[in-house]
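Report on one structure; see the data block that follows.
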Amino acid sequence: MTTDDPIVAVMADVARLSQRLDQYGAQLDTTNHGTAELASRLDAIDAALTDLARTVTDLAEAVAAATKRDAAGSETERSDRRPDRRPWILLQGQGSGPGTPFAELRAWVARVLIPQYGEYMTRLPQGIPTLPECWPLHPAACNELWSLYLAWDQAFMHPDTPLREITDWHDRLLPGVLDRLAVVFRCGHHEQATPRL
């Protein structure tokens, strides 16, 4: 046989083609194995994502339930902590210790009224942004401040308060109380006075 024989040449080509087909088959097996492995990994990722979505949903429901409980608890606490709405004259005689109306009023004056609204107090005789230290010695001042505190609590501590009540506190109640306190604090003499708690 000579190399020029067409049959030999065709058989050699067929052998090379067969060898190439074997190589492609091996590559395809590797690719199929890789594809199967990739599909398995994707299935695992999908299962993990499904579990994560379930966990996030459960967590969101738990947060919503806790928020609802907290809101209900806060509303209960808020209504439980509402100040005694009786006039100041009826609250006198309860002392000034913790938990008393006077302690509550003094705390509100120190934490809210003076820091937030002190600039308005320049209308008072001393002309500085605070109340005179003697304010507890004046029953009229205690009456005015207690009423202002009750109105502030109603306007600002309850989420369903109409906006009109909030603006009314600023526009009418606060200036009115400050005008009346200006008269109360003009006295200048109370060395012998004692707080009527």
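Taken together, the values in this text are just the output of simple stated rules run on the coordinates, not laboratory data. Computed from a predicted model, the values in this text were never measured in an experiment. Here the Cβ is made from the backbone with ideal geometry for all residues, glycine too, and neighbour counts use every protein chain on show.
What to note about this one:
- Other-chain or far-sequence residues with amide H under 5 Å of MET157's (modelled H): none
- Multiplying the residue separation of THR31 and MET157 by 0.36 nm and subtracting their alpha-carbon distance yields 38.5 nm.
- With both labels modelled 7 Å from their Cα along Cα-to-Cβ, the ALA110 to SER147 distance reads 2.6 nm.
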